[in-house]
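The values are calculated or read from the model by the stated rules, or taken from the named source; none is laboratory data. Remember, it's a predicted structure, so these values are computed and weren't measured experimentally. As a convention, Cβ positions derive from the backbone with ideal geometry for all residues, glycine included, and neighbour counts pool all protein chains shown. Keep in mind that these areas ignore ligands, DNA and RNA; they rest on the heavy atoms of the full protein, side chains included. Shrake-Rupley method; radii C 1.70, N 1.55, O 1.52, S 1.80 Å.
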Amino acid sequence: MSESNRLRIAIQKSGRLSKESLKLLKSCGVKFNINEQRLIAHADNMPIDLLRVRDDDIPGLVMDGVVDLGFIGENVLEEEQIEREMLGKPALFNKLRQLDFGACRLSLAVPNEFNYQDASSLEGLRIATSYPNLLRRYMQEKGISYRDCMLKGSVEVAPRAGLSDGICDLVSTGATLEANGLYETEVIYRSAACLIQSTQAQDPDKQALIDKILSRINGVVRAKESKYILLHAPTDKLEEIVALLPGAENPTVLPLNDDTNRVAIHAVSTEDLFWDTMEALTQLGASSILVMPIEKMMG
Ligand code: ATP
Ligand code: MG
(Lines give C-alpha, C1' and ligand atoms only; values in the text may rest on other atoms or scores of the structure.)
(Ligands and ions follow the chains in the order given, each with its own letter.)
Protein backbone atom coordinates (compact mmCIF):
# COMPACT_ATOMS: atom_id res chain seq x y z
CA MET A 1 0.00 0.00 0.00
CA SER A 2 1.45 3.34 -0.97
CA GLU A 3 1.26 6.12 1.60
CA SER A 4 -1.05 8.76 0.26
CA ASN A 5 -0.33 12.37 0.97
CA ARG A 6 -4.00 13.16 0.57
CA LEU A 7 -5.90 13.67 3.78
CA ARG A 8 -8.14 10.70 4.53
CA ILE A 9 -11.38 11.36 6.37
CA ALA A 10 -13.72 8.56 7.46
CA ILE A 11 -17.44 9.28 7.59
CA GLN A 12 -20.46 7.04 8.10
CA LYS A 13 -21.65 5.72 4.73
CA SER A 14 -25.33 5.89 5.53
CA GLY A 15 -27.02 6.48 8.82
CA ARG A 16 -27.72 9.12 11.39
CA LEU A 17 -24.32 10.84 11.12
CA SER A 18 -23.80 10.78 7.33
CA LYS A 19 -25.85 13.75 6.20
CA GLU A 20 -24.61 16.14 8.88
CA SER A 21 -20.95 15.09 8.49
CA LEU A 22 -21.12 15.71 4.73
CA LYS A 23 -22.95 18.98 5.22
CA LEU A 24 -20.30 20.21 7.64
CA LEU A 25 -17.46 19.34 5.24
CA LYS A 26 -19.31 21.06 2.40
CA SER A 27 -19.81 24.20 4.45
CA CYS A 28 -16.05 24.16 5.07
CA GLY A 29 -15.58 24.50 1.33
CA VAL A 30 -14.66 20.87 0.56
CA LYS A 31 -16.22 19.96 -2.79
CA PHE A 32 -16.94 16.35 -3.74
CA ASN A 33 -19.39 14.18 -5.63
CA ILE A 34 -20.56 11.10 -3.80
CA ASN A 35 -21.12 7.96 -5.84
CA GLU A 36 -23.34 5.76 -3.66
CA GLN A 37 -21.58 2.61 -4.89
CA ARG A 38 -18.08 3.83 -4.06
CA LEU A 39 -16.15 3.48 -0.82
CA ILE A 40 -13.95 6.48 -1.63
CA ALA A 41 -14.93 9.97 -2.78
CA HIS A 42 -12.17 12.34 -3.91
CA ALA A 43 -12.57 16.03 -3.19
CA ASP A 44 -12.30 18.17 -6.34
CA ASN A 45 -10.69 21.24 -4.82
CA MET A 46 -8.49 19.96 -1.96
CA PRO A 47 -6.22 16.93 -1.44
CA ILE A 48 -8.87 15.10 0.58
CA ASP A 49 -10.34 11.59 0.22
CA LEU A 50 -13.52 10.61 2.00
CA LEU A 51 -13.80 7.02 3.17
CA ARG A 52 -17.45 6.00 3.51
CA VAL A 53 -17.74 3.13 5.97
CA ARG A 54 -19.91 1.64 8.76
CA ASP A 55 -19.72 3.86 11.79
CA ASP A 56 -18.43 0.97 13.92
CA ASP A 57 -15.26 0.86 11.80
CA ILE A 58 -14.37 4.54 12.17
CA PRO A 59 -12.71 4.57 15.64
CA GLY A 60 -10.46 1.63 14.72
CA LEU A 61 -9.47 3.17 11.38
CA VAL A 62 -8.36 6.33 13.20
CA MET A 63 -6.67 4.50 16.09
CA ASP A 64 -4.72 2.31 13.63
CA GLY A 65 -3.72 5.37 11.60
CA VAL A 66 -5.41 4.07 8.44
CA VAL A 67 -7.27 7.38 8.13
CA ASP A 68 -6.29 10.80 9.48
CA LEU A 69 -9.68 12.07 10.65
CA GLY A 70 -13.05 10.56 11.51
CA PHE A 71 -16.54 11.82 12.25
CA ILE A 72 -18.00 9.53 14.89
CA GLY A 73 -20.47 9.28 17.77
CA GLU A 74 -18.75 9.44 21.17
CA ASN A 75 -20.71 6.35 22.22
CA VAL A 76 -19.17 4.18 19.48
CA LEU A 77 -15.75 5.77 20.03
CA GLU A 78 -15.66 5.08 23.76
CA GLU A 79 -17.08 1.57 23.37
CA GLU A 80 -14.27 0.74 20.92
CA GLN A 81 -11.64 2.39 23.12
CA ILE A 82 -12.58 0.24 26.14
CA GLU A 83 -12.63 -2.87 23.93
CA ARG A 84 -9.17 -2.16 22.50
CA GLU A 85 -7.67 -1.32 25.87
CA MET A 86 -8.87 -4.71 27.13
CA LEU A 87 -7.32 -6.45 24.13
CA GLY A 88 -4.07 -4.44 24.32
CA LYS A 89 -4.64 -2.96 20.85
CA PRO A 90 -3.85 0.68 19.92
CA ALA A 91 -6.61 2.88 21.35
CA LEU A 92 -5.21 6.39 21.04
CA PHE A 93 -6.76 9.33 19.22
CA ASN A 94 -7.03 13.11 19.55
CA LYS A 95 -10.51 14.49 19.95
CA LEU A 96 -10.44 17.73 17.93
CA ARG A 97 -13.90 18.85 18.94
CA GLN A 98 -17.41 17.82 19.81
CA LEU A 99 -19.97 18.59 17.12
CA ASP A 100 -23.50 19.91 17.25
CA PHE A 101 -25.26 16.85 15.84
CA GLY A 102 -25.81 13.16 16.69
CA ALA A 103 -26.92 13.95 20.22
CA CYS A 104 -28.33 10.92 22.01
CA ARG A 105 -28.08 9.09 25.30
CA LEU A 106 -27.32 5.50 26.17
CA SER A 107 -29.98 4.49 28.66
CA LEU A 108 -31.29 1.59 30.65
CA ALA A 109 -34.92 0.78 29.91
CA VAL A 110 -37.33 -1.87 31.17
CA PRO A 111 -40.84 -3.06 30.24
CA ASN A 112 -43.68 -0.84 31.49
CA GLU A 113 -44.82 -3.48 34.01
CA PHE A 114 -41.31 -3.77 35.55
CA ASN A 115 -41.15 -2.33 39.07
CA TYR A 116 -37.86 -0.42 38.83
CA GLN A 117 -36.37 1.26 41.90
CA ASP A 118 -32.76 1.87 40.86
CA ALA A 119 -30.07 0.08 38.86
CA SER A 120 -29.88 -2.61 41.57
CA SER A 121 -33.37 -3.71 40.43
CA LEU A 122 -31.48 -5.29 37.53
CA GLU A 123 -29.24 -7.40 39.81
CA GLY A 124 -28.84 -10.86 38.31
CA LEU A 125 -31.14 -10.06 35.37
CA ARG A 126 -30.36 -10.13 31.67
CA ILE A 127 -29.75 -6.87 29.79
CA ALA A 128 -29.68 -6.66 25.99
CA THR A 129 -27.27 -4.15 24.47
CA SER A 130 -24.98 -3.31 21.56
CA TYR A 131 -22.71 -1.46 24.01
CA PRO A 132 -21.45 -4.19 26.37
CA ASN A 133 -18.35 -2.22 27.46
CA LEU A 134 -20.12 1.02 28.39
CA LEU A 135 -22.81 -1.01 30.19
CA ARG A 136 -20.23 -3.10 32.10
CA ARG A 137 -18.30 0.01 33.17
CA TYR A 138 -21.46 1.63 34.52
CA MET A 139 -22.72 -1.46 36.34
CA GLN A 140 -19.26 -2.17 37.81
CA GLU A 141 -19.16 1.36 39.23
CA LYS A 142 -22.53 0.66 40.87
CA GLY A 143 -21.39 -2.81 42.01
CA ILE A 144 -24.26 -4.57 40.25
CA SER A 145 -23.88 -7.90 38.48
CA TYR A 146 -26.14 -8.71 35.56
CA ARG A 147 -26.18 -11.11 32.62
CA ASP A 148 -25.24 -10.11 29.08
CA CYS A 149 -27.38 -10.35 25.96
CA MET A 150 -25.26 -8.98 23.13
CA LEU A 151 -27.30 -7.82 20.12
CA LYS A 152 -26.04 -5.70 17.22
CA GLY A 153 -29.57 -4.63 16.31
CA SER A 154 -33.24 -4.91 17.35
CA VAL A 155 -32.25 -4.39 20.98
CA GLU A 156 -35.60 -2.77 21.75
CA VAL A 157 -37.57 -5.94 20.96
CA ALA A 158 -35.42 -8.22 23.16
CA PRO A 159 -37.61 -8.08 26.31
CA ARG A 160 -40.85 -8.77 24.40
CA ALA A 161 -39.15 -11.60 22.54
CA GLY A 162 -38.19 -13.11 25.89
CA LEU A 163 -34.45 -12.63 25.27
CA SER A 164 -33.79 -10.21 28.14
CA ASP A 165 -35.36 -8.48 31.14
CA GLY A 166 -34.20 -4.97 30.23
CA ILE A 167 -32.17 -3.16 27.63
CA CYS A 168 -29.37 -0.62 27.41
CA ASP A 169 -29.80 1.27 24.15
CA LEU A 170 -29.49 4.64 22.45
CA VAL A 171 -32.39 7.02 22.92
CA SER A 172 -33.05 10.43 21.44
CA THR A 173 -36.79 11.13 21.63
CA GLY A 174 -37.91 7.98 23.46
CA ALA A 175 -40.49 7.16 20.77
CA THR A 176 -38.91 3.79 19.94
CA LEU A 177 -38.97 2.77 23.60
CA GLU A 178 -42.59 3.78 23.93
CA ALA A 179 -43.57 1.90 20.78
CA ASN A 180 -42.04 -1.22 22.30
CA GLY A 181 -43.68 -0.96 25.71
CA LEU A 182 -40.49 0.11 27.48
CA TYR A 183 -39.60 3.07 29.68
CA GLU A 184 -36.27 4.76 30.26
CA THR A 185 -34.98 4.40 33.81
CA GLU A 186 -31.43 5.69 33.80
CA VAL A 187 -29.07 7.52 31.46
CA ILE A 188 -25.68 5.83 31.57
CA TYR A 189 -23.85 7.88 28.90
CA ARG A 190 -24.52 11.12 27.00
CA SER A 191 -23.18 11.34 23.47
CA ALA A 192 -22.80 13.61 20.48
CA ALA A 193 -20.86 13.33 17.25
CA CYS A 194 -17.21 14.39 17.38
CA LEU A 195 -14.22 14.83 15.09
CA ILE A 196 -11.17 12.75 15.93
CA GLN A 197 -7.64 12.66 14.59
CA SER A 198 -5.11 9.87 14.41
CA THR A 199 -2.14 10.29 16.79
CA GLN A 200 0.29 9.14 14.11
CA ALA A 201 2.71 11.85 13.02
CA GLN A 202 1.36 13.88 10.13
CA ASP A 203 3.47 15.51 7.48
CA PRO A 204 3.39 19.32 7.81
CA ASP A 205 1.20 19.85 4.72
CA LYS A 206 -1.41 17.42 5.95
CA GLN A 207 -1.35 18.93 9.43
CA ALA A 208 -1.79 22.41 7.94
CA LEU A 209 -4.85 21.16 6.04
CA ILE A 210 -6.27 19.59 9.23
CA ASP A 211 -5.75 22.90 11.07
CA LYS A 212 -7.49 24.75 8.25
CA ILE A 213 -10.49 22.40 8.25
CA LEU A 214 -10.76 22.54 12.04
CA SER A 215 -10.66 26.33 12.03
CA ARG A 216 -13.39 26.39 9.35
CA ILE A 217 -15.51 23.92 11.34
CA ASN A 218 -15.12 26.14 14.41
CA GLY A 219 -16.29 29.09 12.28
CA VAL A 220 -19.30 27.23 10.91
CA VAL A 221 -20.40 25.97 14.34
CA ARG A 222 -19.87 29.36 15.97
CA ALA A 223 -21.89 31.02 13.20
CA LYS A 224 -24.75 28.57 13.71
CA GLU A 225 -24.83 29.43 17.40
CA SER A 226 -24.78 33.17 16.76
CA LYS A 227 -27.20 35.75 15.40
CA TYR A 228 -26.70 39.13 13.79
CA ILE A 229 -28.94 41.70 15.46
CA LEU A 230 -29.88 45.14 14.11
CA LEU A 231 -32.09 47.61 15.92
CA HIS A 232 -32.77 51.27 16.51
CA ALA A 233 -32.52 52.49 20.09
CA PRO A 234 -33.06 55.71 22.03
CA THR A 235 -29.56 57.08 22.82
CA ASP A 236 -30.37 57.49 26.52
CA LYS A 237 -31.32 53.77 26.82
CA LEU A 238 -28.24 52.48 25.00
CA GLU A 239 -26.59 50.80 27.99
CA GLU A 240 -29.76 49.08 29.18
CA ILE A 241 -30.51 47.84 25.67
CA VAL A 242 -27.00 46.49 25.06
CA ALA A 243 -27.17 44.69 28.43
CA LEU A 244 -30.22 42.78 27.19
CA LEU A 245 -28.44 41.42 24.10
CA PRO A 246 -26.96 38.03 25.04
CA GLY A 247 -23.20 37.89 24.54
CA ALA A 248 -22.97 41.11 22.49
CA GLU A 249 -20.54 43.14 24.59
CA ASN A 250 -19.11 45.37 21.87
CA PRO A 251 -21.86 46.34 19.46
CA THR A 252 -21.41 48.82 16.63
CA VAL A 253 -23.34 52.03 17.33
CA LEU A 254 -24.14 54.24 14.34
CA PRO A 255 -25.91 57.60 14.07
CA LEU A 256 -29.26 57.80 12.30
CA ASN A 257 -29.96 60.37 9.63
CA ASP A 258 -32.06 63.28 10.92
CA ASP A 259 -32.58 61.73 14.36
CA THR A 260 -30.12 62.71 17.07
CA ASN A 261 -32.08 60.99 19.83
CA ARG A 262 -31.77 57.53 18.34
CA VAL A 263 -28.93 55.32 17.11
CA ALA A 264 -28.65 52.10 15.12
CA ILE A 265 -27.07 49.13 16.92
CA HIS A 266 -25.44 46.25 15.04
CA ALA A 267 -24.38 43.33 17.22
CA VAL A 268 -23.35 39.70 16.94
CA SER A 269 -25.00 37.77 19.71
CA THR A 270 -23.72 34.38 20.83
CA GLU A 271 -27.26 33.20 21.47
CA ASP A 272 -30.64 33.36 19.84
CA LEU A 273 -32.75 36.32 20.78
CA PHE A 274 -35.95 35.08 22.37
CA TRP A 275 -39.38 36.71 22.04
CA ASP A 276 -39.41 37.87 25.66
CA THR A 277 -36.08 39.68 25.21
CA MET A 278 -37.40 41.28 21.99
CA GLU A 279 -40.46 42.44 23.95
CA ALA A 280 -38.25 43.84 26.75
CA LEU A 281 -36.23 45.70 24.08
CA THR A 282 -39.33 47.32 22.59
CA GLN A 283 -40.44 48.34 26.07
CA LEU A 284 -37.15 50.23 26.38
CA GLY A 285 -37.98 52.03 23.13
CA ALA A 286 -36.09 49.87 20.64
CA SER A 287 -37.60 49.56 17.17
CA SER A 288 -36.91 47.94 13.77
CA ILE A 289 -35.42 44.88 15.49
CA LEU A 290 -33.99 42.38 13.01
CA VAL A 291 -32.48 39.02 14.03
CA MET A 292 -30.60 37.30 11.24
CA PRO A 293 -28.72 34.03 10.85
CA ILE A 294 -24.96 34.16 10.20
CA GLU A 295 -23.47 31.83 7.61
CA LYS A 296 -19.75 31.94 8.39
CA MET A 297 -17.50 33.53 11.03
CA MET A 298 -13.76 33.94 11.26
CA GLY A 299 -11.35 35.81 13.46
P1 ATP B 1 -23.92 1.65 10.53
O2 ATP B 1 -24.60 0.94 9.43
O3 ATP B 1 -23.00 2.72 10.01
O4 ATP B 1 -23.22 0.73 11.51
P5 ATP B 1 -25.73 2.17 12.72
O6 ATP B 1 -27.06 1.53 12.49
O7 ATP B 1 -24.77 1.53 13.67
O8 ATP B 1 -25.05 2.45 11.31
P9 ATP B 1 -27.02 4.76 13.22
O10 ATP B 1 -28.34 4.26 13.70
O11 ATP B 1 -26.96 5.44 11.90
O12 ATP B 1 -25.88 3.63 13.28
O13 ATP B 1 -26.44 5.74 14.36
C14 ATP B 1 -25.18 6.28 14.25
C15 ATP B 1 -24.92 7.13 15.48
O16 ATP B 1 -25.86 8.21 15.53
C17 ATP B 1 -25.07 6.46 16.82
O18 ATP B 1 -23.97 5.66 17.19
C19 ATP B 1 -25.20 7.68 17.72
O20 ATP B 1 -23.94 8.24 18.00
C21 ATP B 1 -25.99 8.66 16.87
N22 ATP B 1 -27.43 8.75 17.23
C23 ATP B 1 -28.10 9.90 17.44
N24 ATP B 1 -29.37 9.68 17.77
C25 ATP B 1 -29.56 8.39 17.79
C26 ATP B 1 -30.67 7.55 18.06
N27 ATP B 1 -31.86 8.01 18.40
N28 ATP B 1 -30.51 6.23 17.97
C29 ATP B 1 -29.34 5.74 17.58
N30 ATP B 1 -28.24 6.49 17.33
C31 ATP B 1 -28.32 7.80 17.43
MG1 MG C 1 -22.97 0.90 13.48
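Per-structure values
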| quantity | calculated |
| --- | --- |
| Charge dipole magnitude, Cβ of K and R +1, D and E -1 - the chain, Cα centre, debye nearest 20 | 980 debye |
| J(HN,Hα) series, the range 241-257, from Karplus relation 6.51 cos²θ - 1.76 cosθ + 1.60, nearest Hz, glycine and proline x | 5, 4, 5, 7, 7, x, x, 10, 5, 10, x, 8, 10, 10, x, 9, 4 |
| Angle between the chain longest axis and helix 18-27 axis [Cα atoms, degrees, rounded to 10] | 30 degrees |
| Net charge dipole size for the range 133-173 [Lys, Arg +1 and Asp, Glu -1 on Cβ; Debye, nearest 20] | 100 debye |
| The range 86-127, accessible surface, carbon-and-sulfur percent (1.4 angstrom probe) | 49 percent |
| Size-normalised alpha-carbon gyration radius of the chain, reference 2.2 N^0.38 Å | 1.29 |
| Sum of -39500 (n - 2.57) over DSSP H runs of 4+, divided by residues of the chain (222 nm, nearest 500) | -8500 deg cm²/dmol |
| Share antiparallel - DSSP beta bridges, the range 98-218, percent rounded to 5 | 65 percent |
| Using θ = phi - 60° and Karplus 6.51 cos²θ - 1.76 cosθ + 1.60, couplings along the range 152-161 (whole Hz; Gly, Pro as x) | 7, x, 6, 4, 5, 9, 4, x, 5, 7 |
| 26 Å Cα-Cα threshold exceeded, pairs from Lys19/Lys142; Lys26/Lys227; Lys31/Lys89; Lys19/Lys152 | Lys19/Lys142; Lys31/Lys89 |
| Rounded accessible area per residue of the chain, 1.4 Å, Å² | 54 Å² |
| √(5λ) per eigenvalue of the Cα gyration tensor, the range 160-299, largest first, Å | 45, 28, 10 |
| Degrees, to the nearest 10: 132-142 long Cα axis against longest axis of the chain | 90 degrees |
| Mean-position separation - Cα centroids, the range 23-41 and the range 94-170, in angstrom | 34 Å |
| 5 angstrom amide H check on Arg126, placed H, neighbours 5+ away | Arg147, Asp165, Gly166 |
| Beta bridges by DSSP in the chain, antiparallel share as percent, to the nearest 5 | 75 percent |
| Other-chain or far-sequence residues with amide H under 5 Å of Tyr189's (modelled H) | Leu106 |
| The range 152-250, accessible surface, carbon-and-sulfur percent (1.4 angstrom probe) | 49 percent |
| Neighbour-limited loop hits for chymotrypsin sites (Phe, Trp or Tyr not before Pro), the range 221-299 (at most 15 other Cβ within 10 Å; DSSP other than H, G, I, E, B) | Phe274 |
| Cα-based convex hull volume of the range 209-268 per residue, rounded to whole Å³ | 84 Å³ |
| Overall Cα dimensions of the range 59-121, principal axis frame, Å, largest first | 48, 31, 14 |
| In degrees, nearest ten, helix 74-87 long axis to first principal axis of the chain (Cα) | 40 degrees |
| Computed Kirkwood radius, in angstrom, where 1/r is averaged over Cα pairs of the range 99-179 | 13.0 Å |
| GNM top mover of Leu254, Leu125, Leu151 - the chain, alpha-carbon springs below 10 Å | Leu254 |
| Residue (of Pro59, Pro90, Leu17) at the positive-pole extreme of the range 1-120, dipole from beta-carbon charges | Leu17 |
| Assigned charges on the beta-carbon of Lys, Arg, Asp, Glu; the range 1-145 dipole about Cα centre (debye) | 440 debye |
| Note, ³J(HN,Hα) from phi for the range 228-237, Karplus 6.51, -1.76, 1.60, rounded to Hz, x at Gly and Pro | 9, 10, 10, 7, 9, 9, x, 4, 6, 10 |
| Under-5 Å amide H pairs with Leu7, H placed in peptide plane, nonlocal only | Ile48, Asp49 |
